[in-house]
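I have placed the structure first, in the form of structure tokens, so that the comments after it can refer back to it.
The values are calculated or read from the model by the stated rules, or taken from the named source; none is laboratory data. If you're wondering where the values come from, they're calculated on a predicted model, not measured in any experiment. Every residue, glycine among them, receives a Cβ derived from its backbone with ideal geometry; neighbour counts consider all protein chains shown. With ligands, DNA and RNA removed, areas are computed over all heavy atoms of the protein, side chains included. Shrake-Rupley method; radii C 1.70, N 1.55, O 1.52, S 1.80 Å.
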Amino acid sequence: MKALADKVAIVTGASRGIGRATALALATEGAQVAVNYASSATAAEQVVAEISGMGGQAIALQADVSQPEQVESLIKAVMDKWGRVDVLVNNAGITRDTLLLRMNLKDWQAVVDLNLTGVFLCTRAVSKIMLKQRSGRIVNITSVAAQMGNPGQANYSAAKAGVIGFTKTVAKELSSRGITVNAVAPGFISTDMTSGLKSEEILKFIPLGRYGQPEEVAGMIRFLAADPAAGYITGQVFNVDGGMVMA
Ligand code: NAP
């Protein structure tokens, strides 16, 4: 029997990149997957079609997860459809890179609102359901930028560092009801988010000498969300970064 048979997973920002690969990986484990997206309806429907094509179940749900009412509607739609939530992957994220002195409040706020507040809003909504179920797995996507810092990413690294602190606190708060909360810190992964970066300079800092693939991050998320052995792991941060951060 597949690890997530009869289980329900929500992946935020699942129309593209790491979220898309994660939705497919969780569906492969038998999960019914809510494919959240902000504006790429066609791409999200393609993910749903791919899951249906392999005999799985999925729905595409539009919601800006930085907005409290939209998060409530998203979770309600999943509950109306499937009546439970077993896995939440807080993956939706954006960058608004610029050096500190040029960073305006709008750039700061947009990144914090989605990358940190969005994680809080989705986790708070889903944890109410998981507490009643007395089980659940939550995986938050942070970044090596939270651990190392990265020029031009004061907003992003601060939000992603916030996700790490949030992960540890919520892991402690939810632990008595069998809910695990972990974080995954990707390095440089080939997605739309990194497509504009100058890779020659970046590759010098990656011991494995290449960008990662979305499926490589999804593999770690799948393990934390689905594998029985991950049931004893909580409050941790796992790097999938080609060796960039060696703690
Ligand atoms: P991506 O390819 O740019 O995809 C971003 C996803 O987030 C899309 O599905 C997008 O939906 C969704 N999204 C954007 N704004 C949203 C909102 N307000 N509400 C809901 N969904 C929204 O990004 P990625 O590279 O896969 O990154 C995924 C996560 O990994 C992010 O949290 C990112 O910070 C983190 N990360 C990425 C890297 C990397 O190298 N790529 C490294 C470290 C961490 P639409 O398609 O509808 O816009």
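Can we say ASN140 is within 13 Å of the ligand (Cβ to nearest atom) and either under 26 Å from ILE233 (Cα atoms) or out of contact with any helix residue (DSSP H, G or I) (no Cβ under 6 Å at 6 or more places or on another chain) (or both)? Reasoning before the result, please.
Details: within 13 Å of the ligand (Cβ to nearest atom): yes; either under 26 Å from ILE233 (Cα atoms) or out of contact with any helix residue (DSSP H, G or I) (no Cβ under 6 Å at 6 or more places or on another chain) (or both): yes.
Answer is yes for this residue.
Checking the stated criteria, SER52 turns out not to satisfy the condition of being in contact with a Ser or Thr (Cβ under 6 Å, 6 or more places away or on another chain) and either within 25 Å of THR191 (Cβ to Cβ) or surrounded by fewer than 17 Cβ atoms within 10 Å (Cβ to Cβ) (or both).
For the stretch 198-228, taking the residues that are hydrophobic (A, V, I, L, M, F, W, C) and either open to solvent by 70 Å² or more (accessible area, probe 1.4 Å) or touching a Lys or Arg at 6+ places or on another chain (Cβ under 9 Å) (or both), the one that is nearest to ASN91 (Cα to Cα) is identified as ALA218. Exactly one residue out of ARG210, ARG177 is away from the ligand (no atom under 13 Å from the Cβ) and either in contact (Cβ under 8 Å) with a residue 40 or more places away in the chain or over 16 Å from the mean Cα position of the chain (by Cα) (or both), and it is ARG177. Checking the stretch 107-123 against the condition returns no match, with no residue being open to solvent by 50 Å² or more (accessible area, probe 1.4 Å), more than 23 Å from VAL240 (Cβ to Cβ), part of a helix (DSSP H, G or I) and away from the ligand (no atom under 16 Å from the Cβ).
Restricting to the stretch 1-45, name every residue that is of a type in the set (D, E, K, R), more than 9 Å from the ligand (Cβ to nearest atom) and not in a helix (DSSP H, G or I). Can you show your working first?
Within the stretch 1-45, the first condition is being of a type in the set (D, E, K, R), and the residues that meet it are 2, 6-7, 16, 20, 29, 45.
When the remaining residues are screened for being more than 9 Å from the ligand (Cβ to nearest atom), the result is 2, 6-7, 29, 45.
LYS2, ASP6, LYS7, GLU29 - these are the residues of the stretch 1-45 that are of a type in the set (D, E, K, R), more than 9 Å from the ligand (Cβ to nearest atom) and not in a helix (DSSP H, G or I).
State the number of residues belonging to the stretch 161-174 that are within 17 Å of the chain's Cα centre (by Cα), open to solvent by 10 Å² or more (accessible area, probe 1.4 Å) and in contact (Cβ under 8 Å) with a residue 24 or more places away in the chain. Steps first, please.
Step one: filter the stretch 161-174 for residues within 17 Å of the chain's Cα centre (by Cα), giving 161-168, 170-171.
From what is left, the residues that are open to solvent by 10 Å² or more (accessible area, probe 1.4 Å) are 161-162, 164-166, 168, 170.
Imposing the further condition that a residue be in contact (Cβ under 8 Å) with a residue 24 or more places away in the chain reduces the set to 162, 164, 166, 168, 170.
Of the residues in that region, 5 qualify.
One residue is enough: does the stretch 70-78 have a residue meeting the conditions touching a residue at least 24 places away in the same chain (Cβ under 8 Å), open to solvent by 30 Å² or more (accessible area, probe 1.4 Å) and part of a strand (DSSP E or B)? Looking for residues that are touching a residue at least 24 places away in the same chain (Cβ under 8 Å), open to solvent by 30 Å² or more (accessible area, probe 1.4 Å) and part of a strand (DSSP E or B), one finds none in the stretch 70-78, hence no.
Give the residue that is nearest to the chain's Cα centre (by Cα), with candidates limited to residues of the stretch 84-106 that are charged (D, E, K, R) and either within 30 Å of ALA5 (Cα to Cα) or assigned to a helix (DSSP H, G or I) (or both). Looking at the filtered set, the residue picked out is ASP86. Flag: THR142 does not match the condition of being open to solvent by 10 Å² or more (accessible area, probe 1.4 Å) and among the β-branched types (Val, Ile, Thr).
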